[in-house]
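Since every read-out is calculated from the coordinates, none of them should be taken as a lab result. Nothing here was measured: the structure is a model prediction, and the numbers come from that model. We place every Cβ from the backbone using ideal geometry, glycine too, and count neighbours over all the protein chains shown.
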Amino acid sequence: MYIKQFFEPKSSTYSYFLMCEESKEAIIIDPVQCDIEKYLEEIKQQQANLQYIFETHIHADHITASHTLKTLTSAKSVVHKNSGVECADVFITDGCDFRFGQQLLQVLATPGHTNACTSYYAKGYVFTGDTLLINGCGRTDFQGGSAEKLYQSVHRKLFTLPSETIVYPAHDYKGNFSSSIGHEKEYNPRLALHISQEEFIHIMANLDLAYPAQIDQALPANKLCGRVQTSDCD
Ligand SMILES: [Fe+2]
């Protein structure tokens, strides 16, 4: 399996292009509208056949490239059924499987950062969205967020994956590219194994975070699968 990680600096977002090298069938996770040219170039270079566009959740900090990619390829867009996004092609829940060529992508419902957060597992890699970040996690104070649910999603689901599983998150703000389940179990300052659910809920309730800068533009746009004009890419 070929994996390419893309970084969009304005929202510090990681997107992932995964391809079966034998069949050239590919998928993309969390594409950002402002990086559309990079994805199209990658698809062209790899001579890939894009099958699916997956969202880990409905983003509040950038506009998805889902609609544009659907228009320019034959790929189908995929979101969790709780997302409230009616324009998607496929609505998923825990346990769904997707094939691209000889590769298998498995859906892990991991609510908590939002009520529709989903992680995706493929061959030793887990794409965790904002559920599990490198030494952190997404906030839980909007979009149906719940610290209790996030803790359970991480401890009961993501932390049951093998320790060597590579963690690819939706963001990093400190220049890290990836982590592992083993590292996060031991060192994540909010979610490591030794931290109780009560301690985690207390941490999340006292973060004192600012209102997200892009949320009023990003959420309505992403509920339309990113089908909007945007000139805000600089
Ligand atoms: Fe998010």
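Computed quantities for the displayed model
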item: Amide H contacts of Lys76 (H built 1.01 Å from N, under 5 Å, at least 5 apart or other chain); result: Tyr52, Ile53
item: Set Lys10/Lys157; Lys185/Lys223; Lys123/Lys223; Lys38/Lys223; Lys123/Lys149 screened for pairs whose C-alpha atoms are more than 28 Å apart; result: Lys10/Lys157; Lys185/Lys223; Lys123/Lys223
item: Among Ser163, Thr110, Thr140 the positive-end extreme of the charge dipole of the range 63-179 (Cβ point charges); result: Ser163
item: Taking the range 105-234 and dividing mean pair separation by its residue count, relative contact order in percent (alpha carbons under 8 Å, at least six apart); result: 21 percent
item: 12 Å Cα-Cα reach of Lys70 towards aspartates and glutamates, excluding residues that sit fewer than 8 places from it in its own chain; result: Asp89
item: Farthest positive-ward along the chain dipole, Cα basis, beta-carbon charges - from Ile3, Ser196, His59; result: Ile3
item: Spatial separation of Cα centroids for the range 27-97 and the range 190-222, in angstrom; result: 24 Å
item: Largest-first principal axis extents of the Cα set of the range 2-208 (Å); result: 48, 33, 32
item: Sites Lys10 and Leu40, calculated FRET efficiency, Cβ-Cβ separation with R0 25 Å, nearest 0.05; result: 0.85
item: For the chain, calculated [θ]222 nm from helices alone, where every DSSP H run of n ≥ 4 adds -39500 (n - 2.57); result: -5500 deg cm²/dmol
item: For the range 2-208: relative contact order, % (alpha-carbon pairs under 8 angstrom, 6 or more apart); result: 15 percent
item: Neighbourhood charge, 14 Å Cβ-Cβ cut-off, centred on Glu22 and excluding it, Lys, Arg +1 and Asp, Glu -1; result: +1
item: Simple Cβ-charge dipole of the chain, Lys/Arg +1 and Asp/Glu -1, about Cα centre, in debye nearest 20; result: 400 debye
item: Aspartates and glutamates whose Cα lies under 17 Å from that of Lys24, excluding same-chain neighbours fewer than 8 positions away; result: Glu41, Glu42
item: FRET efficiency for Val90 and Tyr173, using Cβ-Cβ distance with R0 set to 25 Å, rounded to 0.05; result: 0.20
item: Of Thr128, Gln152, Phe98, farthest towards positive along the dipole that unit charges on Lys, Arg, Asp, Glu beta carbons give the chain; result: Phe98
